[in-house]
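So the structure is just underneath, and the comments pick up after that.
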Amino acid sequence: MQIDGRFWLTKDEKSFLGNGRIELLENIEKTGSINGAAKAMKMSYKAAWERINSMNEIADEPIIIRLTGGKGGGGTVLTPHAHELIKTYKRFRVLHRQFIERFAEAGDDPEKLARILGRTFLTTSARNQLLCQVISIKEQGVSGEITLQLGGGETLISHITLKSVRSMGLVEGCSAYAIIKSSDLYLCDSPNQDDKEINILHGTIIEIQSSDENAEITIAIDGGEKFICVVNLAQSQSLKLHSDTYLCISKKSIILGL
């Protein structure tokens, strides 16, 4: 069994925006006419116009402008409000998919779903929250060494208490989130490979955003996952876009979540 769900935005208790309507708007933008959009989607002009008219009646502002005359004989363009609606819908659709995928981790185990539901609305200020698979759990006194595999194949090791391991119900093969504050990551050109207390990941700097006090660095590691690291302005001056770097994370700085 799989958990899934369709995504629609409604307004005034009426269906407003769905995948098909967004596709129609984007085809109007691409072809310059409702007729062209209808042909691209293999639907009748009447059906396309009914969808546009329905959206127009519900929207706070018009979503299309009909052009007449001119060299091209007129056409249809989207309004700025329509562009904003498309952007908003797509952002909500991404969040909806993440929501469904979060529930899908439960598989066919309703009790696991109940636990996930109990934690779904917990928020954290940590910028890095990566879905991983637990591939091994080693007991070390009162602590547990949890080896996590990221989606791209790289691994992270987290040190948490055995009490936390048991209370969370962590077992090999289960999914968990590695939660890491951006200030708990640091970058270097030549990490100490002999330091057994840190995780070392190779990556590329793909974005640098500076403020008056610090800089936010986005690193894409070799497997494709992205990490956010905050450094001071002095350190950021030596960093360059698209350059290689090593991301270092203390094993004790990785919090686990379900």
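Tell me, yes or no, whether segment 232-254 has at least one residue that is in the same structural domain as LYS138 (by TED's automatic domain parsing), closer than 19 Å to GLY153 by Cα and within 19 Å of the chain's Cα centre (by Cα). For segment 232-254, residues in the same structural domain as LYS138 (by TED's automatic domain parsing), closer than 19 Å to GLY153 by Cα and within 19 Å of the chain's Cα centre (by Cα): absent. The residue list GLY107, GLY153, GLY141, GLY169 contains one member that is on the phi > 0 side of the Ramachandran plot and either at pLDDT below 80 or touching a His at 6+ places or on another chain (Cβ under 8 Å) (or both), which is GLY107.
Matching residues to (1) more than 16 Å from ILE28 (Cβ to Cβ); (2) at pLDDT 90 or above:
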{"site": "ILE58", "(1), (2)": "yes, yes"}
{"site": "GLY69", "(1), (2)": "yes, no"}
{"site": "GLY74", "(1), (2)": "no, no"}
{"site": "VAL77", "(1), (2)": "no, yes"}
{"site": "HIS81", "(1), (2)": "no, yes"}
{"site": "VAL94", "(1), (2)": "yes, no"}
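Among the residues of segment 26-49, not a single one is loosely packed, with under 12 Cβ neighbours inside 10 Å, out of contact with any helix residue (DSSP H, G or I) (no Cβ under 9 Å at 6 or more places or on another chain) and part of a helix (DSSP H, G or I).
Residues in segment 218-231 that are part of a strand (DSSP E or B) and not β-branched (Val, Ile, Thr) were compared, and the one that is farthest from the chain's Cα centre (by Cα) is CYS229.
Just so you know, in segment 1-25 the residues that are touching a residue at least 60 places away in the same chain (Cβ under 8 Å) and farther than 19 Å from LEU95 by Cα include one that is surrounded by the fewest Cβ atoms within 10 Å (Cβ to Cβ), and it is MET1. Residues in segment 133-158 that are assigned to a loop (DSSP other than H, G, I, E, B) and closer than 24 Å to PHE227 by Cα: LEU150, GLY151, GLY152, GLY153, GLU154.
Summed over segment 159-217, residues that are among the polar types (S, T, N, Q) and assigned to a loop (DSSP other than H, G, I, E, B) total 4.
The values are calculated or read from the model by the stated rules, or taken from the named source; none is laboratory data. The structure displayed is predicted, hence computed values, not measured ones. Using ideal geometry, Cβ is built from the backbone for each residue, glycine included, and neighbour counts are taken over all protein chains shown.
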